[in-house]
1. What length, rounded to one decimal in nm, is gained on full extension from E119 through to D381, with 0.36 nm per residue of separation minus their alpha-carbon distance?
2. Place +1 on the Cβ of every Lys and Arg and -1 on the Cβ of every Asp and Glu in the chain, take the dipole about the Cα centre, and give the residue among Y83, M96, V306 whose Cα lies farthest towards its positive end.
3. How big is segment 1-149 by the Kirkwood estimate over distinct Cα pairs, in Å?
4. Per the Kirkwood treatment, what hydrodynamic radius in Å, one decimal, follows for segment 311-374 from the mean inverse distance over all distinct Cα pairs?
5. How much mean residue ellipticity at 222 nm does the chain get from its helices, if each DSSP H run of length 4 or more adds -39500 (n - 2.57) and you divide by all residues, to the nearest 500 deg cm²/dmol?
6. Per-residue counts of other Cβ atoms within 10 Å, averaged by peptide: what ranking do you get for 125-131, 321-327, highest first?
7. Which is farthest toward the positive dipole end of the chain among A223, Y159, V234, measuring Cα position about the Cα centre, with Cβ charges +1 (Lys, Arg) and -1 (Asp, Glu)?
8. Full-extension gain between R30 and Q191, please, as 0.36 nm times their residue separation minus the C-alpha to C-alpha distance.
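Values quoted throughout were computed directly from the atomic coordinates according to the rules given, and no laboratory measurement underlies them. None of these values were measured; they are calculated from a predicted model. No Cβ is skipped: glycine too gets one built from the backbone with ideal geometry, and neighbour counts run over all protein chains shown.
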Amino acid sequence: MQNTYDCLVIGAGFAGAVAARELAERAGKRVLVLERRGHIGGNAYDLPDEHGVLIHQYGPHIFHTANKRVFDYLSRFTQWRDYQHRVVANVHGAEMPVPFNLTSLELAFGREKAAALEEKLIAAYGAEKKVTILELRRNADPDVAALADYVYENVFLHYTMKQWDQSPEEIDPNTTARVPVFLSRDDRYFQDPWQGMPLEGYTPLFERLLDHPGITVELGVDARERLTLGEDGVTLDGVPFTGPVIYTGAVDELFACRFGRLPYRTLEFRFENYPVEFWQSHGTVNYTVSEEWTRITEFKYLTGQVKPECTTIAKEISHAYTGAPEETPYYAIINPENNALYARYQALAARYGNLYLLGRLAEYKYYNMDAIVARALELCDTLAEKGA
Ligand code: FAD
Ligand code: UDP
């Protein structure tokens, strides 16, 4: 029996959708995309809620990149709304910019003291520089050390405990480094040259990405029911499949968790609608010292939707992922032990010459959307070079 398809892609998030498009368009392949959920878009999926407010079902997604190839590529499938994300921390009711910056410094310490601290910080690190909280805490100057303690206590410690159930010292240092102390008055969350939101939302972007005669998408299908990874190789619906198989789900699940589950954090989103035009001061407010949620996002700031009569917010509460079917694994818990467990699964996958692990879940990494798009494009470059 012959396969109808040349390539199989599992998952229709950024990793799967970009790979499918590239394989169909650039390489002229017939691509089957299997997606477990009832919709495309992966965690970037958006939709209007019951009040007509455009929301992100799996958490707020703001696009930003320094990678021109990625920006140009996605710009084929969407126009952009210019949006620069700004976040404030709610510290005992007072709001200050996050990343903690020179404006936050002034709000926390008053103008005079802040000016003296600013001078010391700039002498130590340079103007417009980004310093991680762990690095700042190593500064021996007593004034800088007191400042570092303040930022640690009021911005990082409790938020990180809520998000990871671990302290900033215990988690991968690259994680807190995502939100450094910024010796600047630039109060944007990201400094990338290209940032914004897809003008009509993410889901239409995905619809266009996947709209190609070479691509067939089947929704509501768990690929594990159709795919077998046996001693002799991969089969799809019982027929040997020798073309590229790009898997973008969690790799432990692909092998029935035979070495144990890879640890993840999951999130609970509490969506609330209010009969006011805007409910909070910024797109996202981080609750860095109080409340059980880490942050609250108000989608209309992000999407620019004009809707004076109501607004929808989402509170994010982080939990340990148990693997229950109704839970989503959102964040890999990166540490040497978990990386070693991942490597065992990766080695299993490598036994299949045509199986490729791609994406935030499959690679067990903390990737933003742009990094995933870049990875997908690079994988398709490699496949094209191989003539696969
Ligand atoms: P996913 O989007 O998770 O897609 C994987 C798909 O595979 C899913 O649809 C899943 O259903 C499907 N799948 C899994 N297993 C199977 C199976 N067995 N059979 C069939 N289908 C399967 N990035 C940014 O750049 N900016 C942001 O502001 C941002 N905010 C974020 C906020 C939150 C709360 C989270 C969790 C992430 C955020 N990200 C953000 C990161 C972003 O979500 C990811 O980079 C991106 O979604 C990863 O795409 P992916 O295709 O690898 O994975
Ligand atoms: N973080 C923090 N306080 C904040 C913002 C971030 O402690 O106000 C830490 C926390 O550990 C978090 C990490 O920095 O998990 C990365 O934050 P980011 O906003 O990049 O997380 P994401 O948007 O990916 O959830």
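1. 89.5 nm
2. The Cα lying farthest towards the positive end belongs to Y83.
3. Here the Kirkwood hydrodynamic radius works out to 20.1 Å.
4. The answer is 14.1 Å.
5. Calculated from helices alone, the mean residue ellipticity at 222 nm is -8500 deg cm²/dmol.
6. Listed from highest to lowest mean packing, they are 125-131, 321-327.
7. V234
8. 54.1 nm
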